[in-house]
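See below for the structure under consideration.
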Amino acid sequence: MQIPMRSRDSGGGQEKALISVRTFLLGAGILVFLLAASGILGRVLPSGQFEYRVEADGSRYVIPGTYREVPRPDYPAWRWFTAPVESLWGPDAALVLQLSVLFFMIAGAMKLLNHAGVLTEIVTRVGIRFGDRRFRLVAAMVLFCMAIGAL
């Protein structure tokens, strides 16, 4: 079974790209695993905090040697999985929403670059330029990927 997803082909018409149920379930399983792992680590690792020094300009600095353990809240396991949604109603909700919008904008820019063929063209040109020098090719490709990641 496959789940249809809409995408545009290069001719401007509509074509359906398909993602298999297996791929979707694998992605969902990885997400559930990561949420469970973070919840388990939250119970296993010690909980603590530092004292901070606030400067005149408002910046905060950690005071070395002031770490102390604090009692950790005993959240039930089901809250591990609702935490991403709960963060939208917490005190840092504006920051979470701003970061989400930023990530969507970056993903959109990458999709546009890919759809326009810019990424493929850059990789092809780097391959042609450094194709006869294998180690420089690897270095140039790593540099390119790092530059794209820095967007």
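The values are calculated or read from the model by the stated rules, or taken from the named source; none is laboratory data. Bear in mind the structure is a predicted one, so any value in this text is a computation, not a measurement. Note that each Cβ is placed from the backbone with ideal geometry, even for glycine, and that neighbours are counted across all protein chains shown. Note: accessible area is taken over every heavy atom of the protein model, side chains too, but ligands, DNA and RNA are not part of it. Shrake-Rupley method; radii C 1.70, N 1.55, O 1.52, S 1.80 Å.
Some notes on this structure:
- Subset tally (residues that are open to solvent by 70 Å² or more (accessible area, probe 1.4 Å) and part of a helix (DSSP H, G or I)) for the stretch 131-148: 8
- Only one entry in ALA77, ALA83 is open to solvent by less than 80 Å² (accessible area, probe 1.4 Å) and within 18 Å of the chain's Cα centre (by Cα), namely ALA83.
- Only one entry in TYR52, TYR61 is hydroxyl-bearing (Ser, Thr, Tyr), under 30 Å from GLY39 (Cβ atoms) and open to solvent by 80 Å² or more (accessible area, probe 1.4 Å), namely TYR52.
- Complete set of residues in the stretch 8-41 that are at pLDDT below 90 and among the small types (Gly, Ala, Ser): SER10, GLY11, GLY12, GLY13, ALA17, SER20
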